[in-house]
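Heads up: the structure comes next, in structure tokens.
The values are calculated or read from the model by the stated rules, or taken from the named source; none is laboratory data. These figures come from a predicted structure and were not determined experimentally. Because the Cβ atoms are built from the backbone with ideal geometry, glycine has one as well, and the counts that use them run over all protein chains shown. Note: areas computed on protein heavy atoms with side chains; ligands, DNA, RNA excluded. Shrake-Rupley method; radii C 1.70, N 1.55, O 1.52, S 1.80 Å.
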Amino acid sequence: MISRRDFFKGAGAVAVSTAAVSRVGAASLPEAMVMDNAKTHVPPPPATGRPFNPVVTLNGWSLPWRMNNGVKEFHLVAEPVVREFAPGMKVNLWGYNGQSPGPTIEVVEGDRVRIFVTNKLPEHTSVHWHGQRLPNGMDGVTGLTQPGIAPGKTFVYEFVAKRPGTFMYHPHADEMTQMAMGMMGFWVTHPKDIGRFAVDRDFVFLLSAYDIEPGSYTPKVNTMLDHNLWTFNSRVFPGIDTMPVRQGDRVRIRVGNLTMTNHPIHVHGHEFEVTGTDGGWTPPGSRWPEVTTDVAVGQMRAIEFIATDPGDWAFHCHKSHHTMNAMGHNVPTLIGVDHRGIAEKINKIVPDYMVMGDKGGSMGGMEMPIPENTLPMMTGDGPFGGVEMGGMFTVLKVRKDQKRGDYSDPGWYKHPAGTVAYEWTGQLPEPARSSDAGRSLMPATSKPDVELQVRKPSGHAEH
């Protein structure tokens, strides 16, 4: 592993050889930098090229580049990778430069960009630059705008980043397999005016979904919708890093969706506005306050808000089964079922049998053996006990004393006295209850006299 200092200091400084180019051609390739861990790496300000304010990729990193005669050059390597979803679970994926998703690519509006793509997969691939305006032959659609990049070969994409915004990249070759295996990444084109659209904190991450059988290591690529692991940047709670911000910061969070379904993204404790899509920045007059925004398949949404209220605020997809890990979809509902007789009989055959689901889905403090390389369905500990979450869930941590540019986790929030919900032990007032299920709102004035006649049609004419 290259040290973080050397990682950025040496970006693009060394040429590497590859089977896809000749010895002479290898000298023109920028180094293909590799990341081998799933931490959030905060990039430094750019050392070359035009200035911009870097984004912070949640549980990810930004790809270094080199300047070559005014052209910003990057090197992506499509390859098999191993990604840790959370401590205790690693997955065999396909990705770029050692990770899935691949590194975030950051450029400035008007930059001429050259991306070398080397294929180390067992099949051909391509890279589509989702949302970009570029020459048709650079669009990355295998068979339509280019031949596929064969295993061991390197292709070059070159175009001008014409408009500022937030984009994605992914294959347009055997998409069902390659995207189901995690091949995707983020692209940010910053405005040439560094003060335009400026914020204090700028987070980015991709939504992805996988179907991985408990105890296994590789996704099932032919699953359409019935996935069991829903991720922020191929991480699940409690493995997703928090988003620490300073009270009063203007915060932007850019979310791209490359799953097979939509995701209503919800933040607690604050209202936000959708300020950007993958089609561009939204005019201020078109915005309205929200606490949840739906991100459809193939879309990006950038939300912005002022972090006014300190605390540990949940940030998650609002589909309940997307905040769980490795859940089973065919488990019957057993709420209210009396297990007492059958449980005793089963215990004689299976001594460790436990009753589950008769009082609800919470597993509380149950500790049950699970297959290797498998995460609990609901997990995570907070300052008051089990959080009982998984999947697409993390925490926005707003602190008054969080230093500018500091992305380290500040620990749990210390609530002021008298501001935490507590158990009531006094006398309770009699609760008001409704017994008519709303009938009093629409009372029937009289019993209707209805005559119903039914005639069975014959032939197709009556259909």
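Round to the nearest 10 and report in Å² the accessible area of residue 194, as given by a 1.4 Å probe over the protein chains' heavy atoms.
Estimated to the nearest 10 Å², residue 194 gives 80 Å².
Where in the range 212-251 is the amide nitrogen less than 19 Å from a point lying 7 Å along the Cα-to-Cβ axis of residue 260?
212-214, 216-235
Kirkwood Rh, the range 216-280, all Cα pairs: how many Å?
15.1
Considering only protein heavy atoms, what is the solvent-accessible area of residue 84 at a probe of 1.4 Å, reported in Å² to the nearest 10?
60
Based on the Cβ-Cβ distance from residue 112 to residue 370, what FRET efficiency comes out when R0 is 56 Å, to the nearest 0.05? Don't skip to the answer; put the middle values down first.
Values: r = 51 Å, r/R0 = 0.91.
Between residue 112 and residue 370 the formula returns 0.65.
How long are the three semi-axes of the equivalent ellipsoid of the range 91-241, in whole Å, if each is the root of 5 times an eigenvalue of the C-alpha gyration tensor, listed from largest down?
Each semi-axis is √(5λ); the values are 27, 22, 12 Å.
With a 1.4 Å probe and all protein chains kept in place, how do 320, 435 rank by accessible area, largest first?
On the way: 320 90, 435 115 Å².
Descending order: 435, 320.
Multiply the residue separation of residue 196 and residue 294 by 0.36 nm, subtract the distance between their alpha-carbon atoms, and state the gained length in nm to one decimal.
Gain in length upon complete extension: 32.7 nm.
Compare 413, 217, 96 by solvent-accessible area with a 1.4 Å probe and give them largest first, with all protein chains kept in place.
I get 217, 413, 96, largest accessible area first.
Return the distance in nm (one decimal) between the two label points of a simple spin-label model at residue 67 and residue 42, each offset 7 Å from Cα along Cα→Cβ.
The two pseudo-label positions are separated by 2.5 nm.
Using a 1.4 angstrom probe with every protein chain in place, what is the largest-first accessible-area order of 235, 114?
114, 235
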